[in-house]
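Structure record follows, encoded as structure tokens.
The values are calculated or read from the model by the stated rules, or taken from the named source; none is laboratory data. Because the structure is predicted, anything quoted here is derived from the model rather than measured. In this analysis, Cβ positions are derived from the backbone assuming ideal geometry, glycine residues included, and neighbour counts consider all displayed protein chains. Side chains are part of the model used for accessible areas, which takes the heavy atoms of the whole protein and leaves out ligands, DNA and RNA. Shrake-Rupley method; radii C 1.70, N 1.55, O 1.52, S 1.80 Å.
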Amino acid sequence: MLHHVRPARSDAFQPNQLLEISPEFLRLAVERIRQNGYEIISLDKAVDLLKSGYGQKRYAVLTFDDGYRDNIEIAYPVLKELQAPFTVFVATGLIDRTTELWWVALERIIAAHDEIVLSPDRSGAGIACRTVDEKNACFDKLTRHITQELGELDQRRVIRALCDRYGLDLAALADEYVMSWDDLRALARDPLVSIGAHTHDHFALARLGEEDARLDVLRGLTRLEAELGRRPKHFAYPYGKPYAVCERDARMLREIGFASSLTTFPGVLQSANARDPMMLPRVSLNGRFQDPAVIDQCLTGAPFALYRAARWAASGFGIRSGISRLFPSTR
């Protein structure tokens, strides 16, 4: 699982750094995966192999979430040269410029100010964000607030209000970060590339009622089919936190007719995934750990057993493990 591929930034405050890897690390990752005996194949082929016998050969799939401009401008030339197939899961509201890149907006607003006030009339207490530590704490606090304390629609209203208050143009931000439909059509013409669905508005499906969740999925699916002339067969959930994905969503996606649905839950494919490919795990290439040794370790699957044990310990005994930083459920 990847998001951004672009040159490393020097900013001291980078709360979304885990979503960014350099083009050099992308190249290294592909080469390292192949050196370890894995064939990089299309998602279509991987799901077919998974259903027919997941353990018969070593294979890997490269996937990108959201639909960022750097996917075509920076990642694509690297992967084209290496002849490595990949899938881009597209949130169509981002391409339409109607959906908010709220995590990027928060980063931009906090980076540019020393205090953030949530109340519309600025009467409430502000959150200090002068130093890098304060900015990181502010980002974490606001992220928890809008993703766990507010509903999905209220979350977006708060983000739009913050952007209005602090002078951030959300449409311009999307133009800067996200592909256009022409970009996406150009990318989709290459047989090396497949396009998957990722909802329209990039909502956390499990936090919506079933009808609203289904509508968000179908709207994204319909937009992709209308613009690209083909209906995506595969889907990726927009978020990976436990509160953002549930069995109801897997059932719904199965009913809609997807061949697979990908989570951000850390892990490699196992026999259980062959029985039902509606909650497939993925290995995140984390921008904070751009080390070839990490790729080697992930390919063994061993770190994920430790990750699951760490999560169990943390939930039962309040223990925290550094390994959770390597495999966070993104956003």
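Assign unit charges at the C-beta atoms only (+1 for Lys and Arg, -1 for Asp and Glu), then state the dipole size of segment 207-250 relative to its Cα centre in Debye, rounded to the nearest 20.
180 debye
How large, in percent, is the carbon and sulfur part of the accessible surface of segment 105-243 at a probe radius of 1.4 Å?
Its accessible area is 49 percent carbon and sulfur atoms.
For an R0 of 41 angstrom, estimate the FRET efficiency from the Cβ-Cβ distance between K51 and D133 and round to the nearest 0.05.
0.25
Can you tell me the dipole magnitude for the chain around its Cα centre, using point charges on the Cβ only (Lys, Arg +1; Asp, Glu -1), in Debye to the nearest 20?
In debye, rounded to 20, the chain gives about 960.
Which of L142, A60, W102 sits closest to the plus end of the dipole of the chain, meaning its Cα is farthest towards the positive end, when Lys and Arg get +1 and Asp and Glu get -1 on the C-beta?
Farthest towards the positive pole: A60.
For the Cα atoms of the chain, what angle does the longest principal axis make with the long axis of helix 247-256, in degrees from 0 to 90, nearest 10?
Value to nearest ten degrees: 60.
What is segment 183-305 by shape, rounded, prolate or oblate, if you read a ≥ b ≥ c off the alpha carbon gyration tensor as root eigenvalues and call it rounded for a/c under 1.5, prolate for a/b larger than b/c, and oblate otherwise?
Note, shape of segment 183-305 comes out oblate.
By per-residue mean of other Cβ atoms within 10 Å, what is the highest-first order of 173-179, 192-198, 19-25?
Peptide ranking by packing, descending: 192-198, 19-25, 173-179.
Within segment 217-260, what residues put their amide N at less than 16 Å from the label point 7 Å along the Cα-to-Cβ vector of L153?
217
Mind counting lysine pairs for me in the chain? Cα separation below 20 Å, and the two need to be 8 or more apart along the chain or on different chains.
Within the chain, the lysine pair count is 5.
Are there cysteines in the chain with no second cysteine's Cβ under 4.7 Å away, and if so, which?
C163, C246, C298
Quick one: Karplus J couplings for segment 230-235, per residue in order, coefficients 6.51, -1.76, 1.60, θ = phi - 60°, nearest Hz, x for Gly and Pro?
Each residue of segment 230-235 in turn: 8, 8, x, 9, 10, 9 Hz.
Out of every Cα-Cα pair in the chain, what percent are more than 35 Å apart?
19 percent
At 1.4 Å probe radius, can you tell me the per residue accessible area of segment 1-61 in Å²?
48 Å²
So how do 40-47, 279-286 stack up, highest first, on mean other-Cβ count within 10 Å?
Packing proxy ranking, top to bottom: 279-286, 40-47.
If I fit a long axis through the Cα atoms of helix 102-112 and take the longest principal axis of the Cα atoms of the chain, what angle between them do I get, 0 to 90°, rounded to 10?
Helix 102-112 sits roughly 50 degrees off the main axis of the chain.
Got a sec? Charge dipole of the chain, +1 on Cβ for Lys and Arg, -1 for Asp and Glu; which of F258, S271, V78 is way out at the positive end?
After comparing all options, I get S271.
In terms of modelled amide H atoms, which long-range or inter-chain residues lie less than 5 Å from the amide H of I40?
Sorted by chain and number, the residues that satisfy this are A60.
Pull up the DSSP beta bridges for the chain and report the antiparallel fraction as a percent, rounded to 5.
Beta bridges within the chain, antiparallel portion: roughly 10 percent.
Would you grab the residues whose amide H sits under 5 Å from the one on Y239? Only those 5+ places off in sequence or on another chain, please, with H modelled 1.01 Å from N.
L205
From the C-alpha coordinates alone, can you work out the Kirkwood hydrodynamic radius of segment 57-189, in Å?
After inverting the pairwise mean of 1/r, the radius is 16.8 Å.
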